[in-house]
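Laboratory data are not the source of any read-out in this text; all were calculated from the coordinates shown. What you are looking at is a predicted structure, and each value in this text was computed from that prediction instead of being measured. Note that we place each Cβ from the backbone using ideal geometry, even for glycine, and neighbour counts take in every protein chain shown.
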Amino acid sequence: MSGSSAQALERVEYALRAAMEKGDWDSIGAIDQSCRQAIEEAMVDPVDEDALRARMEDLLSLYRQLIARCENEKQRVGVELKKLNQSQQGAKVYQLFG
């Protein structure tokens, strides 16, 4: 893996981790595309396969964390939507009898 490939993977990993910590979901989508491109470029001519493997394992671990965060966020939003729906239904009933 060339130095520039390793640096590109490090940059996207750092950016992805920072966006995840901030909960910046819009940026995560864009960074994910950059990550995919950096991985493709690194795979074309891997000079140091051990370094590439280590970087890929780091990215895999980060993506696992990201998926867990996404699942948590999905559940949180689902609960909020359920509460909102219940509030709207209560308001409709109140309007009928009010």
Report task. Hey, could you check the stretch 19-55 for residues that are among the aliphatic types (A, V, I, L, M) and within 17 Å of Glu71 (Cα to Cα) and say which is farthest from the chain's Cα centre (by Cα)? Result -> Ala19
Query - Failed item, numbered, when Ala54 is tested on (1) exposed (fewer than 10 other Cβ atoms within 10 Å of the Cβ); (2) free of Cβ contacts under 8 Å to residues at least 24 places away in the same chain - result: (1)
Query raised in the report: Looking at the stretch 1-48, which of its residues are part of a loop (DSSP other than H, G, I, E, B) and of a type in the set (Val, Ile, Thr)?
Result: Val47
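Evaluate the following for Ala30: is it in contact (Cβ under 8 Å) with a residue 12 or more places away in the chain and surrounded by 12 or more Cβ atoms within 10 Å (Cβ to Cβ)? Before you say what the answer is, go through the steps one by one.
Working: in contact (Cβ under 8 Å) with a residue 12 or more places away in the chain: no; surrounded by 12 or more Cβ atoms within 10 Å (Cβ to Cβ): yes.
The answer is no for Ala30.
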Query raised in the report: Going through the stretch 57-85 one residue at a time, which ones are without any contact (Cβ under 8 Å) to a residue 24 or more places away in the chain and either of a type in the set (A, V, I, L, M, F, W, C) or in contact with a Leu (Cβ under 6 Å, 6 or more places away or on another chain) (or both)?
Result: Leu60, Ile67, Ala68, Cys70, Val77, Val79, Leu81, Leu84
Query raised in the report: Looking only at the stretch 21-39, which residues are closer than 18 Å to Met56 by Cα and touching a helix residue (DSSP H, G or I) at 6+ places or on another chain (Cβ under 8 Å)?
Result: Ile28, Ile31, Asp32, Ser34, Cys35, Ala38, Ile39
